[in-house]
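The values are calculated or read from the model by the stated rules, or taken from the named source; none is laboratory data. The model shown is predicted, which means the values in this text are computed figures rather than measured ones. Cβ coordinates were reconstructed from backbone atoms using ideal geometry, including for glycine residues, and neighbour counts include every protein chain displayed. In case anyone asks, the SASA skips ligands and DNA or RNA and just uses the protein heavy atoms, side chains included. Shrake-Rupley method; radii C 1.70, N 1.55, O 1.52, S 1.80 Å.
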Amino acid sequence: MPVKIEKWNPVVKWDSPAGQTLKLLAVALPKDRIFRITVFGSAPLQLSLDANFLSADVDIFAEEDLSQIIDRNQLGMGQRPIYIEQCVPSTFSAGPDWPLRSYIERLENVEFCLPHPIDILVSKLSRLEEKDVRAFRLVYGLTNEPTEDQLKEVLMNAVDLFRPRFDEERAVGDILLNTRRAWEILYGKTIDVRAEIVVPALERRRKGYGLDAGGLKEDLSKLNRDSQK
């Protein structure tokens, strides 16, 4: 049975450095419509768990380009110590089910979406630099989560993160190796990522399609033959 990850309900620390920066953005945005802004990276951990957990930038993505508003209000890089950086949504590399666990809090006419800490951690696995390691230790030290089963569950739903990168992509890290390293950091043990995450995830996906392994290969072969006719 899949492990359930509870939707979270944090008390947002709007007086934190990231919170104050986002409040300035909310005030600066036009008031004629509702904005939905997702905050990711390390800022949600500062906003929800530890106001002293430092992050120089507040990564966001939104449905529209806010760069001119950010620059005009002196909220961008080089304009203030804690600045806003607008990214494309694909920069946040979590599993497709992350919105189901996210928390939304409205400020002014802005709906700020904060991904669950477990999805924040998953998104850091492709790089896992020292500041990302600090994020893992912070979350686990304060909450005793994610458990092994919880992290396995979320990574199984995000199994496509383990696929090889495009040739044109700049390599930032090996997510297979980084996942093993994260297991050692959190749980003091190693993990066979392919055997304990990738293979079960693909088997679950096959069953979801109503296929066994052989049936899936047969259907893919037929699809390839049909496409060549």
Odd one out for Ser102, checked against (1) open to solvent by 20 Å² or more (accessible area, probe 1.4 Å); (2) at pLDDT 95 or above: (1)
Hey, any hits in segment 184-199 for a residue that's closer than 20 Å to Trp8 by Cβ and open to solvent by less than 30 Å² (accessible area, probe 1.4 Å)? yes
Among Gln79, Gln46, the single one that is farther than 20 Å from Phe136 by Cα, in the same structural domain as Trp14 (by the TED database) and over 14 Å from the mean Cα position of the chain (by Cα) is Gln79
Of all residues being out of contact with any Leu (no Cβ under 9 Å at 6 or more places or on another chain) and modelled with pLDDT under 95 in segment 118-130, which is surrounded by the fewest Cβ atoms within 10 Å (Cβ to Cβ)? Just the residue, please. Glu130
Unmet requirement for Arg101, which otherwise passes all of (1) in the same structural domain as Ser55 (by the TED database); (2) more than 18 Å from the chain's Cα centre (by Cα): (2)
Glu153 at pLDDT 95 or above, over 18 Å from Gln46 (Cβ atoms) and touching a Pro at 6+ places or on another chain (Cβ under 8 Å): yes
